[in-house]
Amino acid sequence: MTAVGKQIREAILATGPISIAQYMQLSLTSPVGGYYTHGQVFGRTGDFVTSPEISQMFGEIMAIWYILHWEMMGRPTKTRFVELGPGRGTLMDDMLRAAKRFPQFFATIQGVEFVERSPELRRVQMEKLGCPKESMESVKDKNEPDTPGSAVSERYGGISVRWHTQLEEVSVESDCVPMVMAHEFFDALPIYKFEKGTSGWSEVLVDVDDSTTTPAPPQTTSARLAGSPHSSASDNSSECHFKFVRSRSVTSNAAVILRDPRFDSRFDKGDHVEVSAESARVMAVLADWVSQNNGLALIVDYGQDWTQGDTFRGIRKHKFANPLSQPGSMDLTADVDFSYLRLAAQGKAKCFGPVEQGKFLLDMGIQARLKQLLQATTDKKVQQDLVDCYKRLTDPNSMGRIYKVLAVLPNGAQGMPIPFAPPSKEELNRPKVEKIVRK
Ligand SMILES: C[S@@+](CC[C@H](N)C(=O)[O-])C[C@H]1O[C@@H](n2cnc3c(N)ncnc32)[C@H](O)[C@@H]1O
(Lines give C-alpha, C1' and ligand atoms only; values in the text may rest on other atoms or scores of the structure.)
Protein backbone atom coordinates (compact mmCIF):
# COMPACT_ATOMS: atom_id res chain seq x y z
CA MET A 1 0.00 0.00 0.00
CA THR A 2 1.20 3.54 -0.70
CA ALA A 3 2.36 5.70 2.22
CA VAL A 4 -0.62 7.99 1.85
CA GLY A 5 -2.87 4.90 1.58
CA LYS A 6 -1.58 3.78 4.98
CA GLN A 7 -2.21 7.25 6.38
CA ILE A 8 -5.81 7.17 5.11
CA ARG A 9 -6.38 3.62 6.38
CA GLU A 10 -5.16 4.57 9.85
CA ALA A 11 -7.38 7.65 9.88
CA ILE A 12 -10.44 5.59 8.94
CA LEU A 13 -9.67 2.82 11.45
CA ALA A 14 -9.30 5.45 14.17
CA THR A 15 -12.42 7.55 13.50
CA GLY A 16 -14.62 5.77 10.95
CA PRO A 17 -15.34 6.38 7.25
CA ILE A 18 -14.10 9.71 5.87
CA SER A 19 -15.64 12.09 3.34
CA ILE A 20 -14.50 11.93 -0.29
CA ALA A 21 -13.22 15.48 0.27
CA GLN A 22 -10.85 14.29 3.02
CA TYR A 23 -9.80 11.33 0.89
CA MET A 24 -9.07 13.61 -2.07
CA GLN A 25 -7.20 16.15 0.00
CA LEU A 26 -4.92 13.55 1.60
CA SER A 27 -4.38 11.68 -1.67
CA LEU A 28 -3.38 14.81 -3.55
CA THR A 29 -1.55 17.00 -1.08
CA SER A 30 -0.50 14.95 1.98
CA PRO A 31 3.19 15.61 2.71
CA VAL A 32 3.71 11.83 3.08
CA GLY A 33 3.42 11.14 -0.65
CA GLY A 34 0.35 13.03 -1.84
CA TYR A 35 0.13 12.96 -5.63
CA TYR A 36 1.20 16.57 -6.21
CA THR A 37 4.25 16.16 -3.97
CA HIS A 38 5.83 13.96 -6.66
CA GLY A 39 6.54 16.90 -8.96
CA GLN A 40 6.75 15.73 -12.57
CA VAL A 41 3.27 14.24 -12.94
CA PHE A 42 2.12 16.28 -15.95
CA GLY A 43 2.98 16.37 -19.60
CA ARG A 44 3.18 13.81 -22.35
CA THR A 45 5.39 11.53 -20.24
CA GLY A 46 3.36 12.05 -17.05
CA ASP A 47 -0.19 11.03 -16.15
CA PHE A 48 -2.10 13.69 -18.05
CA VAL A 49 -1.62 16.61 -20.38
CA THR A 50 -3.16 20.03 -19.79
CA SER A 51 -3.81 22.71 -22.44
CA PRO A 52 -0.63 24.71 -21.77
CA GLU A 53 1.36 21.47 -21.99
CA ILE A 54 -0.27 20.72 -25.36
CA SER A 55 0.75 23.92 -27.10
CA GLN A 56 2.43 27.27 -26.49
CA MET A 57 -0.51 28.82 -28.38
CA PHE A 58 -2.69 28.41 -25.30
CA GLY A 59 -0.54 30.56 -22.99
CA GLU A 60 0.13 33.10 -25.74
CA ILE A 61 -3.58 33.65 -26.29
CA MET A 62 -4.14 34.02 -22.54
CA ALA A 63 -1.39 36.66 -22.41
CA ILE A 64 -3.09 38.57 -25.23
CA TRP A 65 -6.31 38.59 -23.19
CA TYR A 66 -4.58 40.27 -20.25
CA ILE A 67 -2.72 42.72 -22.51
CA LEU A 68 -5.95 43.77 -24.26
CA HIS A 69 -7.58 44.45 -20.89
CA TRP A 70 -4.52 46.36 -19.74
CA GLU A 71 -4.99 48.56 -22.82
CA MET A 72 -8.71 48.95 -22.05
CA MET A 73 -7.85 49.98 -18.47
CA GLY A 74 -5.75 52.86 -19.79
CA ARG A 75 -2.36 51.13 -19.52
CA PRO A 76 -1.79 51.11 -15.75
CA THR A 77 1.91 51.44 -14.90
CA LYS A 78 2.12 48.43 -12.55
CA THR A 79 0.81 44.90 -13.06
CA ARG A 80 1.43 41.53 -11.46
CA PHE A 81 0.59 38.02 -12.63
CA VAL A 82 -0.98 35.76 -10.00
CA GLU A 83 -1.50 32.07 -10.77
CA LEU A 84 -3.35 29.47 -8.70
CA GLY A 85 -2.02 25.91 -9.15
CA PRO A 86 0.68 26.64 -11.76
CA GLY A 87 1.70 22.98 -12.24
CA ARG A 88 4.98 22.91 -14.16
CA GLY A 89 4.92 26.68 -14.75
CA THR A 90 4.46 26.21 -18.50
CA LEU A 91 1.46 28.52 -18.79
CA MET A 92 3.23 31.37 -16.96
CA ASP A 93 6.38 30.83 -19.01
CA ASP A 94 4.39 31.06 -22.27
CA MET A 95 2.47 34.12 -21.03
CA LEU A 96 5.65 35.95 -20.00
CA ARG A 97 7.40 35.08 -23.27
CA ALA A 98 4.42 36.41 -25.23
CA ALA A 99 4.25 39.52 -23.00
CA LYS A 100 7.91 40.25 -23.75
CA ARG A 101 6.88 41.02 -27.31
CA PHE A 102 4.86 43.96 -25.98
CA PRO A 103 7.65 45.95 -24.26
CA GLN A 104 5.38 48.66 -22.87
CA PHE A 105 3.21 46.07 -21.16
CA PHE A 106 6.16 43.92 -20.12
CA ALA A 107 7.78 46.91 -18.40
CA THR A 108 4.75 47.17 -16.09
CA ILE A 109 5.12 43.60 -14.72
CA GLN A 110 6.35 43.86 -11.14
CA GLY A 111 6.44 40.13 -10.53
CA VAL A 112 4.71 36.77 -10.44
CA GLU A 113 2.80 35.37 -7.46
CA PHE A 114 2.33 31.60 -7.49
CA VAL A 115 -0.19 29.90 -5.20
CA GLU A 116 1.13 26.35 -4.97
CA ARG A 117 1.04 23.79 -2.16
CA SER A 118 3.53 21.31 -3.57
CA PRO A 119 7.19 22.02 -2.69
CA GLU A 120 8.32 19.76 -5.55
CA LEU A 121 6.23 21.65 -8.08
CA ARG A 122 7.52 24.97 -6.72
CA ARG A 123 11.00 23.78 -7.62
CA VAL A 124 9.86 22.82 -11.15
CA GLN A 125 8.17 26.23 -11.56
CA MET A 126 11.30 28.00 -10.40
CA GLU A 127 13.40 26.19 -12.96
CA LYS A 128 10.85 26.89 -15.70
CA LEU A 129 11.01 30.65 -15.14
CA GLY A 130 14.81 30.62 -15.16
CA CYS A 131 15.45 31.42 -11.51
CA PRO A 132 18.97 30.70 -10.21
CA LYS A 133 19.56 27.29 -8.62
CA GLU A 134 20.62 28.91 -5.32
CA SER A 135 17.01 30.00 -4.76
CA MET A 136 15.83 26.37 -4.70
CA GLU A 137 16.42 26.05 -0.97
CA SER A 138 13.69 28.55 -0.20
CA VAL A 139 10.94 26.53 -1.89
CA LYS A 140 11.86 22.87 -1.66
CA ASP A 141 11.50 22.04 2.02
CA LYS A 142 9.18 19.02 2.00
CA ASN A 143 8.57 19.22 5.72
CA GLU A 144 7.61 22.86 5.60
CA PRO A 145 5.20 23.17 2.67
CA ASP A 146 3.79 26.30 4.25
CA THR A 147 7.10 28.12 4.07
CA PRO A 148 6.76 30.70 1.33
CA GLY A 149 9.69 31.15 -1.00
CA SER A 150 10.85 33.78 -3.41
CA ALA A 151 13.31 34.09 -6.26
CA VAL A 152 14.23 36.31 -9.16
CA SER A 153 13.59 35.29 -12.75
CA GLU A 154 16.77 35.83 -14.74
CA ARG A 155 15.00 34.84 -17.94
CA TYR A 156 12.36 37.53 -17.51
CA GLY A 157 14.39 40.61 -16.74
CA GLY A 158 14.83 40.05 -13.01
CA ILE A 159 11.15 40.18 -12.04
CA SER A 160 10.38 38.68 -8.64
CA VAL A 161 8.64 35.33 -8.27
CA ARG A 162 6.99 34.56 -4.93
CA TRP A 163 5.24 31.44 -3.71
CA HIS A 164 2.23 31.23 -1.41
CA THR A 165 0.01 28.45 -0.15
CA GLN A 166 -3.23 30.39 -0.53
CA LEU A 167 -4.51 33.48 -2.28
CA GLU A 168 -5.22 35.23 1.04
CA GLU A 169 -1.44 35.51 1.54
CA VAL A 170 -0.88 37.42 -1.69
CA SER A 171 -0.61 41.17 -1.23
CA VAL A 172 -0.14 43.65 -4.04
CA GLU A 173 0.66 47.37 -4.07
CA SER A 174 -2.44 49.60 -4.13
CA ASP A 175 -1.48 51.05 -7.54
CA CYS A 176 -0.78 47.64 -9.11
CA VAL A 177 -3.28 45.66 -11.22
CA PRO A 178 -3.19 41.92 -10.45
CA MET A 179 -3.95 39.59 -13.35
CA VAL A 180 -5.11 36.27 -11.96
CA MET A 181 -5.16 32.88 -13.72
CA ALA A 182 -6.57 29.60 -12.40
CA HIS A 183 -6.09 26.89 -14.99
CA GLU A 184 -7.17 23.37 -13.97
CA PHE A 185 -7.00 24.47 -10.34
CA PHE A 186 -10.61 24.12 -9.21
CA ASP A 187 -10.96 20.57 -10.57
CA ALA A 188 -8.28 19.47 -8.08
CA LEU A 189 -10.12 20.87 -5.05
CA PRO A 190 -11.94 18.33 -2.86
CA ILE A 191 -15.58 17.43 -3.45
CA TYR A 192 -18.24 15.98 -1.20
CA LYS A 193 -20.74 13.56 -2.66
CA PHE A 194 -24.33 12.94 -1.53
CA GLU A 195 -27.10 10.52 -2.49
CA LYS A 196 -30.81 11.27 -2.23
CA GLY A 197 -32.73 8.57 -0.36
CA THR A 198 -36.37 8.23 0.64
CA SER A 199 -35.83 10.21 3.81
CA GLY A 200 -33.31 12.79 2.57
CA TRP A 201 -29.66 12.96 1.63
CA SER A 202 -26.96 10.60 2.83
CA GLU A 203 -23.25 11.21 2.28
CA VAL A 204 -21.08 8.93 0.16
CA LEU A 205 -18.01 8.18 2.29
CA VAL A 206 -14.79 6.21 1.94
CA ASP A 207 -14.24 3.18 4.18
CA VAL A 208 -11.53 0.51 4.36
CA ASP A 209 -12.22 -2.60 2.33
CA ASP A 210 -10.66 -5.77 3.64
CA SER A 211 -12.59 -8.03 1.27
CA THR A 212 -10.82 -9.36 -1.84
CA THR A 213 -13.18 -7.89 -4.41
CA THR A 214 -12.30 -4.60 -6.02
CA PRO A 215 -15.28 -2.30 -6.53
CA ALA A 216 -15.77 -0.94 -10.02
CA PRO A 217 -14.84 2.70 -10.45
CA PRO A 218 -17.75 5.11 -10.71
CA GLN A 219 -18.94 6.23 -14.12
CA THR A 220 -16.49 8.67 -15.65
CA THR A 221 -16.65 11.45 -18.16
CA SER A 222 -14.09 12.19 -20.82
CA ALA A 223 -12.90 15.59 -19.53
CA ARG A 224 -9.14 15.92 -18.87
CA LEU A 225 -8.50 13.05 -21.28
CA ALA A 226 -10.51 14.76 -24.01
CA GLY A 227 -8.73 14.35 -27.31
CA SER A 228 -6.21 11.94 -25.85
CA PRO A 229 -5.55 8.87 -27.97
CA HIS A 230 -6.00 6.75 -24.83
CA SER A 231 -9.14 8.37 -23.48
CA SER A 232 -11.39 5.35 -23.88
CA ALA A 233 -9.25 2.97 -21.85
CA SER A 234 -9.88 2.44 -18.17
CA ASP A 235 -7.32 1.09 -15.70
CA ASN A 236 -9.05 -0.88 -12.98
CA SER A 237 -6.39 -3.48 -12.34
CA SER A 238 -4.74 -1.97 -9.29
CA GLU A 239 -5.25 -3.36 -5.83
CA CYS A 240 -7.85 -1.49 -3.85
CA HIS A 241 -8.05 -1.13 -0.09
CA PHE A 242 -10.99 1.23 0.09
CA LYS A 243 -14.66 1.24 -0.84
CA PHE A 244 -17.54 3.71 -1.05
CA VAL A 245 -20.20 3.46 1.66
CA ARG A 246 -23.29 5.53 2.39
CA SER A 247 -23.76 7.24 5.74
CA ARG A 248 -26.69 5.85 7.74
CA SER A 249 -27.86 9.27 8.81
CA VAL A 250 -27.44 12.84 7.60
CA THR A 251 -23.82 13.88 8.18
CA SER A 252 -22.92 17.39 9.32
CA ASN A 253 -21.48 17.97 5.83
CA ALA A 254 -24.83 17.08 4.27
CA ALA A 255 -26.71 19.23 6.77
CA VAL A 256 -24.56 22.30 6.12
CA ILE A 257 -23.79 22.02 2.40
CA LEU A 258 -27.22 20.87 1.21
CA ARG A 259 -29.01 23.62 3.15
CA ASP A 260 -28.76 25.60 -0.09
CA PRO A 261 -32.24 25.69 -1.74
CA ARG A 262 -30.75 24.46 -5.01
CA PHE A 263 -30.65 20.97 -3.48
CA ASP A 264 -34.35 20.92 -2.55
CA SER A 265 -37.15 19.16 -4.31
CA ARG A 266 -35.65 18.92 -7.79
CA PHE A 267 -33.81 15.73 -6.96
CA ASP A 268 -35.24 12.21 -7.01
CA LYS A 269 -34.41 9.13 -5.00
CA GLY A 270 -31.05 7.74 -6.14
CA ASP A 271 -29.77 11.06 -7.53
CA HIS A 272 -26.20 11.99 -6.69
CA VAL A 273 -24.66 15.43 -6.30
CA GLU A 274 -21.01 16.38 -6.05
CA VAL A 275 -20.31 19.64 -4.24
CA SER A 276 -16.95 21.29 -3.77
CA ALA A 277 -17.39 23.45 -0.69
CA GLU A 278 -13.68 24.28 -0.87
CA SER A 279 -14.12 25.61 -4.43
CA ALA A 280 -16.93 27.87 -3.21
CA ARG A 281 -14.73 29.12 -0.36
CA VAL A 282 -11.75 29.81 -2.66
CA MET A 283 -14.01 31.45 -5.24
CA ALA A 284 -15.49 33.78 -2.61
CA VAL A 285 -11.96 34.75 -1.53
CA LEU A 286 -10.90 35.23 -5.15
CA ALA A 287 -13.93 37.40 -5.96
CA ASP A 288 -13.35 39.61 -2.89
CA TRP A 289 -9.65 39.77 -3.66
CA VAL A 290 -10.20 40.77 -7.31
CA SER A 291 -12.63 43.52 -6.30
CA GLN A 292 -10.44 44.85 -3.48
CA ASN A 293 -7.33 44.92 -5.66
CA ASN A 294 -9.06 46.13 -8.81
CA GLY A 295 -7.76 43.11 -10.70
CA LEU A 296 -9.09 40.70 -13.28
CA ALA A 297 -9.16 36.91 -13.37
CA LEU A 298 -9.66 34.01 -15.74
CA ILE A 299 -10.77 30.60 -14.54
CA VAL A 300 -10.30 27.84 -17.10
CA ASP A 301 -11.33 24.30 -16.34
CA TYR A 302 -13.46 21.38 -17.46
CA GLY A 303 -16.99 21.15 -16.20
CA GLN A 304 -20.55 22.30 -16.68
CA ASP A 305 -22.64 25.27 -15.67
CA TRP A 306 -24.71 23.08 -13.35
CA THR A 307 -24.36 20.57 -10.52
CA GLN A 308 -23.24 17.07 -11.47
CA GLY A 309 -23.38 13.71 -9.78
CA ASP A 310 -20.70 11.20 -10.78
CA THR A 311 -17.60 12.78 -12.21
CA PHE A 312 -15.10 11.97 -9.42
CA ARG A 313 -12.33 9.90 -11.01
CA GLY A 314 -8.67 8.92 -10.97
CA ILE A 315 -6.24 9.44 -13.86
CA ARG A 316 -2.97 7.59 -14.26
CA LYS A 317 -0.78 7.26 -17.34
CA HIS A 318 -3.42 8.89 -19.57
CA LYS A 319 -6.10 6.39 -18.54
CA PHE A 320 -9.00 6.49 -16.13
CA ALA A 321 -8.23 4.65 -12.92
CA ASN A 322 -10.22 3.57 -9.89
CA PRO A 323 -9.91 6.60 -7.58
CA LEU A 324 -9.90 4.32 -4.52
CA SER A 325 -6.86 2.32 -5.57
CA GLN A 326 -3.34 3.31 -4.51
CA PRO A 327 -4.01 6.87 -3.33
CA GLY A 328 -1.11 9.20 -4.02
CA SER A 329 -0.20 7.37 -7.22
CA MET A 330 -2.76 9.06 -9.48
CA ASP A 331 -4.48 12.36 -10.03
CA LEU A 332 -7.97 12.67 -8.53
CA THR A 333 -10.37 15.12 -10.06
CA ALA A 334 -14.02 16.08 -10.58
CA ASP A 335 -15.72 18.32 -13.11
CA VAL A 336 -16.14 21.92 -12.01
CA ASP A 337 -19.63 23.28 -11.31
CA PHE A 338 -19.32 26.80 -12.77
CA SER A 339 -22.80 27.76 -11.54
CA TYR A 340 -21.60 27.09 -7.98
CA LEU A 341 -18.50 29.27 -8.54
CA ARG A 342 -20.65 32.11 -9.85
CA LEU A 343 -22.97 31.77 -6.88
CA ALA A 344 -20.01 31.97 -4.50
CA ALA A 345 -18.85 35.20 -6.19
CA GLN A 346 -22.29 36.82 -6.09
CA GLY A 347 -22.19 40.33 -4.59
CA LYS A 348 -18.39 40.20 -4.35
CA ALA A 349 -17.32 40.47 -8.01
CA LYS A 350 -18.76 40.31 -11.51
CA CYS A 351 -18.56 36.98 -13.34
CA PHE A 352 -18.81 36.58 -17.12
CA GLY A 353 -19.40 33.26 -18.83
CA PRO A 354 -18.48 30.51 -18.77
CA VAL A 355 -17.85 30.30 -22.51
CA GLU A 356 -16.52 27.21 -24.19
CA GLN A 357 -12.74 27.10 -24.54
CA GLY A 358 -12.91 26.52 -28.31
CA LYS A 359 -15.00 29.65 -28.82
CA PHE A 360 -12.80 31.69 -26.47
CA LEU A 361 -9.58 30.71 -28.28
CA LEU A 362 -11.06 31.25 -31.74
CA ASP A 363 -12.53 34.64 -30.81
CA MET A 364 -9.15 35.62 -29.35
CA GLY A 365 -7.37 34.83 -32.62
CA ILE A 366 -5.78 31.40 -32.19
CA GLN A 367 -6.17 30.75 -35.93
CA ALA A 368 -3.97 33.75 -36.77
CA ARG A 369 -1.34 32.56 -34.30
CA LEU A 370 -1.45 29.06 -35.78
CA LYS A 371 -0.88 30.55 -39.25
CA GLN A 372 2.16 32.49 -38.02
CA LEU A 373 3.68 29.41 -36.42
CA LEU A 374 3.01 27.30 -39.54
CA GLN A 375 4.74 29.90 -41.69
CA ALA A 376 7.74 29.94 -39.38
CA THR A 377 8.69 26.33 -40.19
CA THR A 378 9.02 24.15 -43.28
CA ASP A 379 9.16 20.93 -41.22
CA LYS A 380 6.03 19.01 -42.21
CA LYS A 381 6.00 17.02 -38.97
CA VAL A 382 6.13 20.17 -36.86
CA GLN A 383 3.38 21.71 -38.98
CA GLN A 384 1.18 18.64 -38.56
CA ASP A 385 1.80 18.67 -34.81
CA LEU A 386 0.77 22.34 -34.63
CA VAL A 387 -2.47 21.62 -36.47
CA ASP A 388 -3.20 18.59 -34.28
CA CYS A 389 -2.65 20.62 -31.11
CA TYR A 390 -4.82 23.46 -32.41
CA LYS A 391 -7.62 20.97 -33.14
CA ARG A 392 -7.27 19.32 -29.74
CA LEU A 393 -7.60 22.68 -27.96
CA THR A 394 -10.53 24.00 -30.00
CA ASP A 395 -12.56 21.07 -31.40
CA PRO A 396 -15.88 20.66 -29.54
CA ASN A 397 -15.39 16.89 -29.57
CA SER A 398 -11.99 17.26 -27.98
CA MET A 399 -11.23 20.01 -25.40
CA GLY A 400 -13.14 22.82 -27.11
CA ARG A 401 -16.49 22.29 -25.40
CA ILE A 402 -15.94 20.54 -22.08
CA TYR A 403 -13.29 23.10 -21.06
CA LYS A 404 -14.76 26.48 -20.23
CA VAL A 405 -13.58 29.98 -19.42
CA LEU A 406 -15.04 32.22 -16.72
CA ALA A 407 -13.90 35.83 -16.35
CA VAL A 408 -14.03 37.74 -13.05
CA LEU A 409 -13.90 41.54 -12.85
CA PRO A 410 -14.27 43.88 -9.85
CA ASN A 411 -17.78 44.75 -8.74
CA GLY A 412 -17.42 48.31 -9.97
CA ALA A 413 -16.05 47.39 -13.43
CA GLN A 414 -17.81 48.89 -16.43
CA GLY A 415 -18.50 46.99 -19.67
CA MET A 416 -17.89 43.43 -20.76
CA PRO A 417 -14.57 41.65 -20.94
CA ILE A 418 -13.45 40.43 -24.38
CA PRO A 419 -14.74 38.16 -26.01
CA PHE A 420 -17.69 37.63 -23.65
CA ALA A 421 -21.11 38.69 -24.92
CA PRO A 422 -24.24 39.62 -22.97
CA PRO A 423 -26.36 36.52 -22.28
CA SER A 424 -28.73 35.57 -25.10
CA LYS A 425 -32.53 35.50 -24.61
CA GLU A 426 -32.35 31.73 -24.33
CA GLU A 427 -29.69 31.93 -21.62
CA LEU A 428 -31.69 34.53 -19.70
CA ASN A 429 -34.78 32.32 -19.77
CA ARG A 430 -32.88 29.23 -18.62
CA PRO A 431 -33.65 28.21 -15.02
CA LYS A 432 -30.91 29.51 -12.72
CA VAL A 433 -30.22 26.04 -11.42
CA GLU A 434 -30.45 22.98 -13.63
CA LYS A 435 -31.06 19.47 -12.49
CA ILE A 436 -28.10 17.11 -12.67
CA VAL A 437 -27.65 15.38 -15.98
CA ARG A 438 -26.60 11.94 -14.84
CA LYS A 439 -26.85 9.58 -11.95
C1 LIG B 1 -4.25 19.77 -12.31
S2 LIG B 1 -2.85 20.66 -11.83
C3 LIG B 1 -2.89 21.97 -13.02
C4 LIG B 1 -1.55 22.55 -13.32
C5 LIG B 1 -1.47 23.67 -14.34
N6 LIG B 1 -2.35 24.77 -14.03
C7 LIG B 1 -1.75 23.17 -15.73
O8 LIG B 1 -2.84 23.39 -16.22
O9 LIG B 1 -0.86 22.54 -16.32
C10 LIG B 1 -3.34 21.39 -10.30
C11 LIG B 1 -2.33 22.32 -9.68
O12 LIG B 1 -2.89 22.90 -8.50
C13 LIG B 1 -2.03 22.66 -7.39
N14 LIG B 1 -2.91 22.51 -6.22
C15 LIG B 1 -3.79 21.54 -5.99
N16 LIG B 1 -4.48 21.77 -4.85
C17 LIG B 1 -4.01 22.93 -4.37
C18 LIG B 1 -4.32 23.72 -3.22
N19 LIG B 1 -5.25 23.34 -2.35
N20 LIG B 1 -3.65 24.87 -3.03
C21 LIG B 1 -2.70 25.27 -3.91
N22 LIG B 1 -2.36 24.56 -5.02
C23 LIG B 1 -3.00 23.41 -5.24
C24 LIG B 1 -1.26 21.42 -7.76
O25 LIG B 1 -0.10 21.25 -7.01
C26 LIG B 1 -1.02 21.70 -9.24
O27 LIG B 1 0.01 22.63 -9.42
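When the chain is modelled as a GNM with alpha-carbon springs shorter than 10 Å, which of A21, A421, A182 fluctuates the most?
Its mean-square fluctuation being the largest, the pick is A421.
For the stretch 50-202, give the percent of accessible area contributed by carbon and sulfur heavy atoms, probe 1.4 Å, rounded to a whole number.
Numbers: 2720 of 5650 Å².
So the carbon and sulfur contribution to the accessible surface is 48 percent.
For S174 and D379, compute 0.36 nm times the residue count separating them, minus their Cα-Cα distance, and round to one decimal in nm.
Working: separation 205, 0.36 × 205 = 73.80 nm, distance 4.83 nm.
Residue separation times 0.36 nm, minus the Cα-Cα distance, leaves 69.0 nm.
Check A321: other-chain or 5+ apart residues with amide H under 5 Å from its amide H, H built from backbone geometry?
When sequence neighbours closer than 5 places are left aside, the close amide H contacts are D235, G314, I315, R316.
Is there a pair in K359/K391; K319/K391; K128/K359 whose C-alpha atoms are over 23 Å apart, and which pairs would that be? Don't skip to the answer; put the middle values down first.
Details: K359/K391 12 Å; K319/K391 21 Å; K128/K359 29 Å.
From the list (K359/K391; K319/K391; K128/K359), the Cα-Cα distance tops 23 Å for K128/K359.
Amide H neighbours of D395 under 5 Å, counting only residues 5+ apart in sequence or on other chains, H built in-plane at 1.01 Å?
It is G400, by chain and number.
Out of E134, E195, E53, any idea which swings most in a Gaussian network model of the chain, alpha carbons joined below 10 Å?
E134
On average, how much accessible surface per residue is there in the chain, in Å², for a 1.4 Å probe, leaving out ligands, DNA and RNA? Present the calculation step by step, with values, prior to reporting the outcome.
Numbers: 18650 Å² over 439 residues.
Per residue, the chain has an accessible area of 42 Å².
Among all the aspartates and glutamates, which ones have a C-alpha under 16 Å from K78's C-alpha, if same-chain residues fewer than 8 places away are not counted?
E113, E173, D175
For the chain, modelled as a Gaussian network with Cα springs under 10 Å, which listed residue fluctuates most, H183, H164, H69?
The residue with the greatest mean-square fluctuation here is H69.
Rank Y156, L96, G59 by how far each Cα sits towards the positive end of the charge dipole of the chain (+1 on Lys, Arg Cβ; -1 on Asp, Glu Cβ) and give me just the farthest.
G59
The values are calculated or read from the model by the stated rules, or taken from the named source; none is laboratory data. Just so it is clear, the model here is predicted, and its values are computed rather than measured. No Cβ is skipped: glycine too gets one built from the backbone with ideal geometry, and neighbour counts run over all protein chains shown. Protein only, heavy atoms only, side chains kept; ligands, DNA and RNA dropped before computing areas. Shrake-Rupley method; radii C 1.70, N 1.55, O 1.52, S 1.80 Å.
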